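Comments concern the structure below.
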Amino acid sequence: MLINIQFIKTKGSEALTQFVSESLNKLSEKYDWLIRAEVYFKEENDPTGKSKICEIELSAPGPRIFASSTEESFELAIKKTVFELEQQLKKRKAVFAAH
């Protein structure tokens, strides 16, 4: 699976890049029909402290799969976003198995 990572209005980090790549590669091993992942890291001013945004869009057969989360750190945002993606992928796999 091809992974494209973009940092928007925030500094890039090798550790974040590696962490999200490892997480997405685990998904790719489970779901070998994934084609590409577009990852966006954003930061916004939020008085509640949840200012780190992670958005991931997966290209796969059928409609694209998208998840986003806003947390206190990028690591938490990645974990939550990947979890949401996995829930959607399980549903998609069930649909594939039914056909």
Legend entry - aspartates and glutamates with Cα under 20 Å of Lys30, excluding same-chain neighbours fewer than 8 positions away: Glu22, Glu38, Glu57, Glu84, Glu86
Legend entry - 0 to 90° range, to nearest 10: angle between helix 14-30 axis and the chain longest Cα axis: 20 degrees
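Based on DSSP loop calls and a cut-off of at most 16 other Cβ atoms within 10 Å, the longest stretch of the chain free of exposed trypsin sites (Lys or Arg not before Pro) is what?
Details: sites that count: Lys9, Lys11, Lys50, Arg64.
It runs 12-49.
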Legend entry - Helix-only CD estimate at 222 nm, as mean residue ellipticity for the chain, using -39500 (n - 2.57) per DSSP H run (n ≥ 4): -14500 deg cm²/dmol
Legend entry - Coil-residue chymotrypsin sites (Phe, Trp or Tyr not before Pro) of the chain, DSSP, other Cβ within 10 Å capped at 12: none
Inset, instruction - Sketch the reach of a paramagnetic label on Glu57 as a point 7 Å from Cα along Cα-to-Cβ, and name the residues of segment 9-27 whose backbone nitrogen lies under 17 Å away. - result: 9
Inset, instruction - Can you give me the three principal axis dimensions of the chain from its C-alpha atoms, in Å, biggest first? - result: 47, 25, 18
Legend entry - Rough spin-label spacing in nm, given labels placed 7 Å along Cα→Cβ, for Lys30 and Lys9: 3.2 nm
Legend entry - Bridge type composition, the chain - antiparallel percent by DSSP, nearest 5: 70 percent
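Where a number appears in this text, it was derived from the coordinates with a stated rule and is not lab data. This structure is a prediction, so every number in the text was calculated from the model and none was measured. Please note: Cβ atoms are built from the backbone with ideal geometry, for glycine as well, and neighbour counts cover all protein chains shown.
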